[in-house]
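Inspection log for the structure reproduced underneath, given as structure tokens.
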Amino acid sequence: MSKRTVVITGANGEIGHLLLETLSKEQAIIIAVDLSPLSDEHTALCEEVIIGDICDDEVIRDIEKHDVNDIFHLAAILSTSGEKNPERAHHVNVDGTMNVLQLAYRIGKRTNSAVKVLFPSTIAAFGISDLETKRMSGPAREDDFASPITMYGINKLYNEHLGRYYSDCYRRLSPEKESGFVDFRALRFPGLISAFTVPTGGTSDYAPEMIHNAAQGKHYDCFVRPDAQIPFMAMPDAVKSLLHLASAPLENLSTRVYNVTSFSPTAEEIKDMVQAEFPNATIDFKPQEKRQEIIDSWPGVVDDSKARNDWNWSPDYDAEKTFKEYLIPNIKMRYGG
Ligand code: AKB
């Protein structure tokens, strides 16, 4: 079988690193794109590294030289950063995704194939109106609560629709068939936790921040209430789900947007798990009202039965395994102790 040519935008981000390492073991030809240069180790895994902005036409032209099979479009501005500069978030998140979809369409048309676009969407695409509704509602399905309250969530929800449009409806009045050159597939990710990177700019960051600070012996003030609850997932499961969705036969997919989830601890439960491993860790709850509101608008639990049914999704890591087998050993190795 010939090797697949894969583009990863945002390759220097926390999903990008593990995806790059995993895809390189699968012998893919990798074109990495990021604003900042990759480490020498990661650069060595790539056929080409393009340093630049996905909104920049020159970057798009450089990617377009390749007969690409799959694009993992990870580059984005997250929920907290997006609220600090909503216009910039819209530009990067929406215009950047438009560029990627048009690029995929042109490559697909040139190579007469469907270019897959794998897109990390998010629980931020949900918007629950109030805490009572959040507490009373069961696991959120993909079509529930479609009124996100952050620019990032709005951008992601719109991008899900754009992806569906480019895949199934593109130029529907054209005499020639124009759809079918893009095969867009999205995952609504929960908060992600990596042992190797500390995220920046997200609102689910309190969980990884609690863990990484405790491992370094640093005090942590958690910016949400103890009862705050959203779903989380270990980074290896996030990458596994992206790759499984990418390889699922199109005819098995009943939708282009899937929830995936692993476990849904409260912030207090995360604190207890962290302190069980790092008994000297000091963690206080100092909720910041505005960031708390964002967390309260996201579901506590999501229903990922479509992913389970359509492409056999199941996470490898529950909360206990995430802490005991993935986070703690790797984090202790990283910081010592
Ligand atoms: C964020 O907090 O903005 C992200 C997300 C949940 O998509 N981690």
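Taking the stretch 52-159 and the helices (runs of 4 or more DSSP H) fully enclosed by it, the elements with 2 or more residues that are away from the ligand (no atom under 15 Å from the Cβ) and among the hydrophobic types (A, V, I, L, M, F, W, C) are at 57-64, 96-111, 131-136.
The set of residues in the stretch 179-199 that are over 17 Å from F232 (Cβ atoms) and in contact (Cβ under 8 Å) with a residue 60 or more places away in the chain comprises G180, F181, V182, D183, F184, R185, A186. The residue that is surrounded by the most Cβ atoms within 10 Å (Cβ to Cβ), counting only those in the stretch 78-103 that are hydrophobic (A, V, I, L, M, F, W, C) and under 17 Å from V182 (Cβ atoms), is V100.
Among the residues of the stretch 295-310 satisfying the criterion of being open to solvent by 20 Å² or more (accessible area, probe 1.4 Å) and closer than 18 Å to P265 by Cα, which is farthest from the ligand (Cβ to nearest atom)?
Per the stated criteria, the residue is D303.
Taking the stretch 217-323 and the strands (runs of 3 or more DSSP E) fully enclosed by it, the elements with 1 or more residues that are farther than 21 Å from Y206 by Cβ are at 257-259.
Return the residues of the stretch 31-40 that are open to solvent by 70 Å² or more (accessible area, probe 1.4 Å) and either in a loop (DSSP other than H, G, I, E, B) or touching a helix residue (DSSP H, G or I) at 6+ places or on another chain (Cβ under 9 Å) (or both); say none if nothing qualifies. Steps first, please.
At the first step, the residues of the stretch 31-40 found to be open to solvent by 70 Å² or more (accessible area, probe 1.4 Å) are 35, 37, 40.
Listed by number, the residues that qualify are L35, P37.
For the stretch 189-198, the condition holds for at least one residue, the condition being that it is surrounded by 16 or more Cβ atoms within 10 Å (Cβ to Cβ), of a type in the set (S, T, Y) and out of contact with any Cys (no Cβ under 8 Å at 6 or more places or on another chain). For T133, the conditions (1) free of Cβ contacts under 8 Å to residues at least 12 places away in the same chain; (2) within 26 Å of S24 (Cα to Cα) all hold with the exception of (2).
Once the stretch 205-216 is narrowed to residues that are out of contact with any strand residue (DSSP E or B) (no Cβ under 8 Å at 6 or more places or on another chain) and assigned to a helix (DSSP H, G or I), the residue that is farthest from the ligand (Cβ to nearest atom) is A215. Which of the residues belonging to the stretch 199-212 are polar (S, T, N, Q) and surrounded by 21 or more Cβ atoms within 10 Å (Cβ to Cβ)? Result: T203, S204. Of all the listed residues (A75, A44), the sole one being modelled with pLDDT of 95 or more and crowded, with 20+ Cβ neighbours inside 10 Å is A75. Tell me yes or no: at least one residue of the stretch 161-170 is in contact with an Asp or Glu (Cβ under 7 Å, 6 or more places away or on another chain) and open to solvent by 50 Å² or more (accessible area, probe 1.4 Å). So far as the stretch 161-170 goes, no, none of its residues is in contact with an Asp or Glu (Cβ under 7 Å, 6 or more places away or on another chain) and open to solvent by 50 Å² or more (accessible area, probe 1.4 Å).
The values are calculated or read from the model by the stated rules, or taken from the named source; none is laboratory data. Please read these numbers as outputs of a predicted model, since none were measured by experiment. Neighbour counts run over all protein chains shown; Cβ positions are idealised from the backbone, glycine included. To get the accessible areas, we keep the full protein, side chains included, count just its heavy atoms, and leave off ligands, DNA and RNA. Shrake-Rupley method; radii C 1.70, N 1.55, O 1.52, S 1.80 Å.
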